[in-house]
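Below is one structure, written out as structure tokens, with a few remarks after it.
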Amino acid sequence: MALERTLAILKPDCVRKNLIGEVIKRIQDAGFTIRAMKLVRLSKSEAEGFYAVHKDRPFFGELTTFMSSGPCVPIVLEKENAIADYRTLIGATNPAEAADGTIRKLFADSVGENIAHGSDSVENGLIESAYFFPEHVVVANS
Ligand code: IDP
Ligand code: MG
């Protein structure tokens, strides 16, 4: 298996519910290494840029309003098989359908406000990480 990067975002609902520590603990316990992290409040247009792939979906306005509604925590994570393993850890998009013990099942309220983002492919893991972190601020494996 190859070492991969995924971009996690602890979404504004996660920050508002004071769950940053709880979620990062689960991410670290699952073996992911943090390579970059920050607290940031996205503007509406920054949220639209990040989610541009969804611009024609009916929930695009709701999603980008939510993602710009308060601070969030983007995190570059690294691990063997990070893309698939992180998505297993957070669970299905809709928390009602997420497996028991997953982050979304434990903490999320709805399909829109679902606590955490994760990249869906190796290529997007790199593109999405670069949206928030230029390569020189991503800490190398020591
Ligand atoms: P993912 O985050 O599990 O990869 P995507 O289908 O890529 O799910 O959707 C991106 C985000 O858009 C979701 O995490 C969720 O916040 C939001 N979203 C997806 N589907 C819906 C919906 O049907 N209603 C409202 N928001 C949605
Ligand atoms: Mg997605």
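Some notes on this structure:
- Every residue from the range 72-91 that is assigned to a loop (DSSP other than H, G, I, E, B) and more than 13 Å from the chain's Cα centre (by Cα): Asn81
- Scanning the range 105-120 finds one or more residues that are on the phi > 0 side of the Ramachandran plot, in contact with a helix residue (DSSP H, G or I) (Cβ under 9 Å, 6 or more places away or on another chain) and not basic (Lys, Arg).
- Hits in the range 47-57 (condition: in contact (Cβ under 8 Å) with a residue 12 or more places away in the chain and outside any helix (DSSP H, G or I)): Tyr51
- Identity of the residue in the range 34-90, β-branched (Val, Ile, Thr) and within 13 Å of ligand 1 (Cβ to nearest atom), that ends up nearest to Gly125 (Cα to Cα): Ile83
- Exactly one residue among Ala116, Ala140, Ala108 is away from ligand 2 (no atom under 16 Å from the Cβ) and either among the small types (Gly, Ala, Ser) or surrounded by 19 or more Cβ atoms within 10 Å (Cβ to Cβ) (or both), and that residue is Ala140.
- Inter-residue pairs, beta-carbon under 9 Å, first at pLDDT below 95 and in the range 92-120, second β-branched (Val, Ile, Thr) and more than 15 Å from ligand 2 (Cβ to nearest atom), 6+ apart: none
- Residue that is nearest to ligand 2 (Cβ to nearest atom) [pool: residues in the range 22-46 that are over 24 Å from Asn141 (Cβ atoms) and out of contact with any Cys (no Cβ under 9 Å at 6 or more places or on another chain)]: Glu46
- Hits in the range 90-101 - residues which are more than 15 Å from ligand 2 (Cβ to nearest atom) and either surrounded by 16 or more Cβ atoms within 10 Å (Cβ to Cβ) or among the charged types (D, E, K, R) (or both): Asp100
- Out of Phe60, Phe66, one residue alone is within 15 Å of ligand 2 (Cβ to nearest atom), over 16 Å from Arg26 (Cα atoms) and either of a type outside the set (Phe, Trp, Tyr) or touching a residue at least 40 places away in the same chain (Cβ under 8 Å) (or both). It is Phe66.
The values are calculated or read from the model by the stated rules, or taken from the named source; none is laboratory data. Predicted model, so just to flag it, every value in this text is computed and none were measured. Here the Cβ is made from the backbone with ideal geometry for all residues, glycine too, and neighbour counts use every protein chain on show.
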